[in-house]
Amino acid sequence: PFPDDDHSRLAERRPETLVQTQSEVFPRDKYLIVPEIEGRVTAGPDGGLLYDHPQDYYPFKTSWIYRRFGRDPHHHKALVLVRVSGESMSPTINPGELILVDTWEQERIQIRDGKIYLVRMPDGTITVKRLILNKENGRVNLVCISDNPSFEPFKFQVEKPLQWYVLGRIRWVGREID
């Protein structure tokens with residue numbers, strides 16, 4: 001999608017510079033530049049911490065963004081990329097892959113049973129799981145399910161606002177092939 005000589009230089013630039021100086025490569029009306037958040041999350045029991053510092057930026061075609069997320073620029077700003085480690089979501093999401101996380105408020109408060117989310121556990125660790133919102137005996141629980149059958153499902157009681165636990169819904173996975 002872009003010349004090799006430009007690609008090597010693009011990863012070193014901030015998105016505002018990238019879009020302004022490389023407009024012929026990633027024009028604003030054709031691409032949305034999404035930050036990759038520094039740090040890793042695990043798809044497993046030892047969730048790593050999520051940091052707010054962007055370490056890289058990736059272009060996504062606006063036509064795809066509009067189809068998936070609508071045209072609201074505030075919603076587009078809620079999209080971030082995170083690199084995953086751990087095997088609990090394999091084969092759907094594998095170690096080292098990038099996930100596009102939709103942190104838009106609606107995605108964090110309206111859980112879609114069976115969809116994959118970035119989740120903060122009660123102990124503060126961050127993980128990736130399929131979620132089911134379960135209400136029983138007047139209590140709200142989040143059921144966390146791994147795609148890897150080696151990992152057992154588990155649940156925990158929601159004692160804080162739901163969006164404290166649910167950081168966003170996973171909307172895309174990118175993988176590198178050697």
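The gain in end-to-end length when the GLU159 to ASN94 segment is fully stretched comes to 20.4 nm, 0.36 nm per residue minus the alpha carbon separation.
Is the shape of segment 89-173 best called rounded, prolate or oblate, per the rule: a/c under 1.5 gives rounded, else a/b larger than b/c gives prolate, else oblate, with a ≥ b ≥ c the square roots of the Cα gyration tensor eigenvalues? Verdict is oblate for segment 89-173.
Entry comment: accessible area of segment 70-125 is 45 Å² per residue, from protein heavy atoms only and a probe of 1.4 Å.
The values are calculated or read from the model by the stated rules, or taken from the named source; none is laboratory data. As the structure is a computational prediction, the values presented were derived from the model and not from experiment. The area values use the complete protein model at the heavy-atom level, side chains included, leaving out ligands, DNA and RNA. Shrake-Rupley method; radii C 1.70, N 1.55, O 1.52, S 1.80 Å.
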